Amino acid sequence: MFTGIVEELGEVVGVTPTAQDSALVAVRGPLVTSDARHGDSIAVNGVCLTVVDVDGGVFTADVMGETLRRSALGALRAGDRVNLERAAALGSRLGGHLVQGHVDGVGEVLAREPAERWETVRFRLPATLSRYVVEKGSITVDGVSLTVAEVGPDWFAVGLIPTTLSLTTLGARAVGDSVNLEMDVLAKYVERLLGARAADGAGPTVELPGVAAPGPVR
């Protein structure tokens, strides 16, 4: 589990195919590798990867075909900068929101609108994911926890502060670039629960704790 607060900008050292649909990715990240061990989790552009080895500030991770197909990691090349975050520790502050590191789909940068102190960036997202995005809700873009400023039928916009622009890959993403998207997991669970209630004939009624359900109308 992660928080969407990027700890450092890493650099891809190499991508080595290990089979027809998998690869071994090596990433340089002095901070995130300072206490990393085999089996630890590190989010790379929002994708939770398992550390295979650590050597001199570089960690390697296996990336299977499903991950390469469902995320933008398949396009990584040596020299690319990536957002890195270690798994959250119990008892630490939750600065962003609950992020699983399980990418739901790939989006695209549609437009950038610079302002004096921040920048508004608009992203296209798959139509199947648009129902999970709400104004002022949370979304993860390339591993960065962001607040949604505007929502359209197949797009959303966020405001990026100077810190985000300078310390994450989002400051350099150009129009047309692909980004990894993870929806708020709470929205997906709510949809699943309400869908199950509707299928059972109970309807989408939600009962709040301590609030009595209304009785029959006489």
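The values are calculated or read from the model by the stated rules, or taken from the named source; none is laboratory data. No experiment lies behind these values; they were computed from the predicted model shown. Neighbour counts are summed over all protein chains in view; Cβ atoms, including those assigned to glycine, are modelled from backbone coordinates with ideal geometry. Quick note on the areas: whole protein, heavy atoms, side chains included, nothing else; ligands and nucleic acids left out. Shrake-Rupley method; radii C 1.70, N 1.55, O 1.52, S 1.80 Å.
In sequence order, region 116-127 has phi-based couplings of 5, 10, 8, 9, 9, 10, 10, 10, 7, 9, x, 4 Hz under the Karplus curve 6.51 cos²θ - 1.76 cosθ + 1.60, θ = phi - 60°, and Gly or Pro positions carry x.
If you take the square roots of the eigenvalues of the alpha-carbon gyration tensor of region 27-152 and sort them as a ≥ b ≥ c, do you get rounded (a/c under 1.5), prolate (a/b over b/c) or oblate?
Details: a/c = 1.78, a/b = 1.59, b/c = 1.12.
It is prolate, given that a/c is not under 1.5 and a/b is the larger ratio.
Take the Cα of residue 21, step 7 Å toward its Cβ, do the same at residue 177, and the gap between the two points is 2.9 nm.
Centre-to-centre separation between the Cα atoms of region 40-59 and those of region 117-154: 26 Å.
By its C-alpha gyration tensor, with a ≥ b ≥ c as the square roots of the eigenvalues, how is region 78-170 shaped: rounded for a/c under 1.5, else prolate for a/b larger than b/c, else oblate? Write down the numbers at each step before the final one.
Details: a/c = 1.44, a/b = 1.18, b/c = 1.22.
Rounded, since a/c falls under 1.5.
If you take the square roots of the eigenvalues of the alpha-carbon gyration tensor of region 7-95 and sort them as a ≥ b ≥ c, do you get rounded (a/c under 1.5), prolate (a/b over b/c) or oblate? It would help to have the intermediate numbers written out before the result.
Values: a/c = 1.70, a/b = 1.49, b/c = 1.14.
Prolate, since a/c reaches 1.5 and a/b exceeds b/c.
Accessible surface comparison of 102, 38, 97, probe 1.4 Å, protein chains only, largest first: the order is 38, 102, 97. Accessible surface of residue 150, taken over heavy atoms with a 1.4 Å probe and every protein chain present, rounds to 90 Å². Estimated from helical segments only, the mean residue ellipticity of the chain at 222 nm is -3500 deg cm²/dmol, where each DSSP H run of four or more residues counts as -39500 (n - 2.57).
Please give the contour-minus-distance gain from residue 117 to residue 197: 0.36 nm per residue of separation, less the Cα-Cα distance, rounded to one decimal in nm.
Working: separation 80, 0.36 × 80 = 28.80 nm, distance 4.63 nm.
Between residue 117 and residue 197, full extension yields an extra 24.2 nm.
The ellipsoid equivalent to the alpha-carbon distribution of the chain has semi-axes of 34, 21, 17 angstrom, derived from the gyration tensor eigenvalues as √(5λ) and listed largest first.
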